[in-house]
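Reading through the structure tokens given below for one structure.
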Amino acid sequence: MTEPREITVCCLLWANPGEKAAMTGYEDQVLALVPEHGARVLQRVVGSGADGHPHEVQVYAFPDRDSLDAYLADPRRTALNDVRDRVVARTELFEVELR
């Protein structure tokens, strides 16, 4: 049987116009749930979003794919979907490798 392997995930976030501060507040709330899924936020950086760049970049380490899926489906997180839809214009989530 294969051992579950830790995965590292990068998330790029773009705020809707005028919603940068609200998006940061939303992210503060949902990122507080990450440790409860055995994961950790490795890096979180916030930029201006100028020239089409993301407003926020996050890098997480999850123990395995199941823990990532559990975080994404966490009912406390999904209960905020209306807020997310209002403040987040675009999200890109993808697996990366730390070097």
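The values are calculated or read from the model by the stated rules, or taken from the named source; none is laboratory data. On a predicted model such as this, the values are computed, not experimentally measured, just so you know. In this analysis, Cβ positions are derived from the backbone assuming ideal geometry, glycine residues included, and neighbour counts consider all displayed protein chains. The protein model used for the area step is the full one, side chains on, heavy atoms only, and it has no ligands, DNA or RNA in it. Shrake-Rupley method; radii C 1.70, N 1.55, O 1.52, S 1.80 Å.
Listing for the model above:
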quantity	calculated
ALA79 paired with ASN16, simple spin-label distance in nm, labels 7 Å along Cα-to-beta-carbon	2.1 nm
FRET E, pair GLU92, LEU33, Förster distance 30 Å, beta-carbon r, rounded to 0.05	0.90
Directionally averaged shadow of the range 23-63, computed from the convex hull of its alpha-carbon atoms, nm²	3.0 nm²
Filtered trypsin sites (Lys or Arg not before Pro), the range 1-67: DSSP coil and at most 12 other beta carbons within 10 Å	ARG5
The chain - percent of accessible surface contributed by carbon and sulfur, probe 1.4 Å	53 percent
Electrostatic dipole magnitude of the range 33-99 [Cβ: Lys, Arg +1; Asp, Glu -1; Cα centre; debye, to 20]	200 debye
Amide H partners (placed H, <5 Å) of ALA89, local residues excluded	TRP14, ALA15, ASN16
Loop-located GluC sites (Glu not before Pro) in the chain whose Cβ has at most 10 other Cβ within 10 Å (DSSP)	GLU97
Options LEU98, LEU68, LEU12, ranked by Cα towards positive dipole end of the chain, top entry (Cβ charges)	LEU12
1.4 Å probe accessible area per residue over the chain, in Å²	60 Å²
Fully extended contour minus Cα-Cα distance, from ARG5 to ASP51, at 0.36 nm per residue	12.9 nm
Three-way shape label, the range 23-99, alpha-carbon gyration tensor, a/c 1.5	oblate
